[in-house]
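The values are calculated or read from the model by the stated rules, or taken from the named source; none is laboratory data. No experiment lies behind these values; they were computed from the predicted model shown. Heads up, the Cβs are rebuilt from the backbone with ideal geometry, glycines too, and the neighbour counts pull from every protein chain shown. SASA here: full protein model, heavy atoms, side chains in, ligands and nucleic acids out. Shrake-Rupley method; radii C 1.70, N 1.55, O 1.52, S 1.80 Å.
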Amino acid sequence: MASSDAVLEVEHLTMRFGGLVAVGDLSFACRRGDITALIGPNGAGKTTVFNCITGFYRPTEGMISLRHPSGATHLLERLPGHAITWRAKVARTFQNIRLFSGMTVLENLLVAQHNPLMIASGFTLAGLLGLPGFRRAEKEAVEKAALWLEKTGLVDRADDPAGDLPYGAQRRLEIARAMCTDPILLCLDEPAAGLNPRESLELNDLLLSIRAEQGTSILLIEHDMSVVMEISDHVVVLDYGVKIADGVPAEVRSDPRVIAAYLGVEDEEVEEVEAEVGVEIPA
Amino acid sequence: MSAVHPTSVAPTSDAALTGGDVSAAGRRGVDLAGTLRSAVMAALLMFGLAVPILLLRTEQGPGGGLILIPRWNLVLVCCGLVFLARLAIGLLGGDQGLFSRARTRKATITVSADPAKQSGFRFAAVATPLFVGAAVAFPLIVYLLKGGLAESRYWIDLGILILTYVMLGWGLNIVVGLAGLLDLGYVAFYAVGAYSYALLSTTFGLSFWICLPLAGILAAFWGILLGFPVLRLRGDYLAIVTLAFGEIIRLVLINWVDVTGGGAGISSIPRVTFFGIPFTAGEEGFAARFGLEFNPMQRVVFLYYLILVLALITNLVTIRLRRLPIGRAWEALREDEIACRSLGINTTNTKLTAFAIGAMFGGFAGSFFATRQGFISPESFNFLESATILAIVVLGGMGSQVGVAVAAIAMVAGPELLRNLGFLRAVFGEGFDPNEYRLLLFGLAMVAMMVWRPRGLISVREPSVVFRERKSISGSLVKEGHG
């Protein structure tokens, strides 16, 4: 893959927890404007990769670089957690939804715009005095939130507490909240988990429109193959922390190693298949 | 949840009402024998508590030594009262033990906003002007009722005390109620403010009006200094370290005799002036300048309005901050720190600002305390003060400004009113002093609060920004932070 148009490059990423190798020497790239899916069986290390990219874990080894359209490159493994979102413009959602459940939907979206609003409020001083500059900035922030409420179909619930929303709406709100940080790369951890088929389809449309309108590249972890195969341009398959396949969805789907990892093989065939596919399973 | 369940209701239908809380449902709908049994258990529990607490009374014997007088009557009366009360609760159908209530509440935590609680929000909107009006008119009302300034001194002093705690409660509310950081050492900042004013004024002769902002800045500085090492901690650990910080400040004040005067404290701190004009009887005094007759109460009334203004400033700034990005970030931090980080919020700085601003208001209140008392010693800044202020915040409903004010009145004025419960002597005999039972009654009131309103007096949250329609948020959705 040509690295020149890559928005995210993960090189030789290794994450060890004591003796356990959660991710071993993983390299892959996400092209700008692509929807890249990271799939694999449970416990394959997908969320660990996400946590390394978004600064929740510091990788044991490896380099994660994010390239902005302006050419600026950020080495994510060196940035503190909050700077990854604010400076490098990587946003994420969580597998178990993490909304501010006691705050309204609109407040959730305004918290996501904290940093620009902080600057507009003169680090609180101008805001405290009620200067017009801050009022204008806040109005714009509410407008931007309204735009995302519109896109996610949450306008009618804007003044309800986020914790009161149904599950599917909470998922959409979390995506809207992440998008309010103006990300270059949006990382979604199982966005379709717990959604019904109709909501899954709506999610597909939402993600495609985000890419089309905002030009945001998307990296997602997903178990729901209808989402993965439908919308992703590029699939990376992990098993036991090691990459076993990398390519377009059609290629990956027919890859014998992927099938073996997902469907499993008979006990007596394990060693045979392992030798065949060359997967090293860490003890 | 507060609906009365008749004892005849079958347990199965109750189970559906309580969200499948099996143990609570099992305890519901009990027969008379069960009620009797639990009443006997409660009486036995009371007996176990009453024997060490109430049974023995020490009195001066004829030989000068202490003799013990057993008071079995009192113990038995108390046990009987508890037995009857428990029986009444059981028979009237409100048989939801303390613990089953707590569990059913947890089971319904995801239920949508309770419409009954929405009234709390409207209450806050009406209560604010009412409270401010009452607070402004308070000295006049007392003056008219008592028929003189000198006679109303006790009440105005009580008003000053209450307002000091209202201000401290509002200050701590920023840290505990908004940012969700459990701070058990808030009194340290109160002490920093008080000693800042005392030392600056006695050493350099600076006036109160210069020292007031300085005291706030110094307290904020100490807030940041404390914040740096402890903000990595969460929950219980944060509480313990802040508790220790409060004690460290107190011990330094006691032991650094050269500067602080040690346990003897600092006396003859300059009194407050009317923006430079002292409240004295002389020609340069406030009364002479304004052509009034001198009265020592003029200073007390001025102090009352001073603390009222300081408290209102605290309130206005807090309300304002809540609607600014920083306040929203505090509340988001209370809700979910990890999500905050994922949105690019610098959680360390955000927590530090909460600590610093909370501490600053504590410092203002401290310097007011010093100028009011004219004498301060480390004894005034013990852990009990921190606990009282925290109790005010928790009782009021974390994050609610009106709730904190009401709780401060209840916490400070309540025990004072108990001093005047002389009629209880008719019930408990001549030797009964209600004053001795102040804290016991007070504790009972706290337990009752926690049973009936575990989220505080006002548990609804008011949104900081409105898109179309203002809706209050049920307390069951609002998180309490890591502590």
(message) Looking for something over 24 Å from the mean Cα position of the chain (by Cα), aliphatic (A, V, I, L, M) and surrounded by fewer than 18 Cβ atoms within 10 Å (Cβ to Cβ) - is there at least one such residue anywhere in the range B:303-310?
(response) no
(request) Look through the range B:431-444, keep the residues that are surrounded by 14 or more Cβ atoms within 10 Å (Cβ to Cβ) and in contact (Cβ under 8 Å) with a residue 12 or more places away in the chain, and return whichever of them is farthest from the chain's Cα centre (by Cα). (result) B:P434
(message) Show me the helices (runs of 4 or more DSSP H) found entirely inside the range B:274-364 where at least 1 residues are touching a His at 6+ places or on another chain (Cβ under 9 Å) and of a type in the set (A, V, I, L, M, F, W, C).
(response) B:325-335, B:337-342
(request) Restricting attention to the range A:228-242, report how many residues are in a strand (DSSP E or B) and more than 17 Å from A:D34 (Cβ to Cβ). (result) 3
(request) Would you check if B:I141 is more than 19 Å from B:V404 (Cβ to Cβ), surrounded by fewer than 20 Cβ atoms within 10 Å (Cβ to Cβ), without any contact (Cβ under 8 Å) to a residue 24 or more places away in the chain and in contact with a helix residue (DSSP H, G or I) (Cβ under 9 Å, 6 or more places away or on another chain)? (result) yes
(request) Please go through the range B:325-345 and pick out each residue that is touching a residue at least 24 places away in the same chain (Cβ under 8 Å) and within 7 Å of chain A (Cβ to nearest Cβ). (result) B:I326, B:R328, B:E331, B:E335, B:D336
(request) Specify which of the listed residues (A:R87, A:R98, A:R136, A:R172) is buried (at least 18 other Cβ atoms within 10 Å of the Cβ), without any contact (Cβ under 8 Å) to a residue 60 or more places away in the chain and not hydroxyl-bearing (S, T, Y). (result) A:R172
(request) Run down A:I218, A:I281, A:I259 and say which single residue is out of contact with any Pro (no Cβ under 9 Å at 6 or more places or on another chain), assigned by the TED database to the domain that holds A:L20 and either at pLDDT 80 or above or not in a helix (DSSP H, G or I) (or both). (result) A:I218
(message) Let me confirm something: among B:I392, B:I376, which residue is within 23 Å of B:V257 (Cα to Cα), open to solvent by less than 10 Å² (accessible area, probe 1.4 Å) and touching a residue at least 60 places away in the same chain (Cβ under 8 Å)?
(response) B:I376
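Assess whether A:A83 counts as being within 26 Å of A:L220 (Cα to Cα), in a helix (DSSP H, G or I) and more than 7 Å from chain B (Cβ to nearest Cβ).
Yes: the conditions hold for A:A83.
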(request) Test each condition in (1) in contact with a Pro (Cβ under 7 Å, 6 or more places away or on another chain); (2) in a strand (DSSP E or B); (3) of a type outside the set (A, V, I, L, M) for A:T36 and report the one that comes out false. (result) (1)
(request) Only residues in the range A:198-222 that are within 16 Å of A:T36 (Cβ to Cβ) count as the first member; pair them with residues that are open to solvent by less than 40 Å² (accessible area, probe 1.4 Å) and basic (K, R), Cβ under 6 angstrom, at least 6 apart or cross-chain, and list the lot. (result) A:I221/A:K46
(request) Restricting attention to the range A:100-126, report how many residues are more than 7 Å from chain B (Cβ to nearest Cβ), closer than 29 Å to A:C52 by Cβ and part of a loop (DSSP other than H, G, I, E, B). (result) 1
(message) Given the condition part of a loop (DSSP other than H, G, I, E, B), within 10 Å of chain B (Cβ to nearest Cβ) and either more than 20 Å from A:T216 (Cβ to Cβ) or more than 17 Å from the chain's Cα centre (by Cα) (or both), answer yes or no: does some residue in the range A:57-79 qualify?
(response) no
(request) For B:Y304, work out the one condition from (1) touching a Phe, Trp or Tyr at 6+ places or on another chain (Cβ under 7 Å); (2) in contact (Cβ under 8 Å) with a residue 40 or more places away in the chain; (3) over 26 Å from B:V478 (Cα atoms) it doesn't fulfil. (result) (1)
(request) Hey, could you check the range B:459-471 for residues that are at pLDDT 80 or above and more than 8 Å from chain A (Cβ to nearest Cβ) and say which is most open to solvent (accessible area, probe 1.4 Å)? (result) B:E462
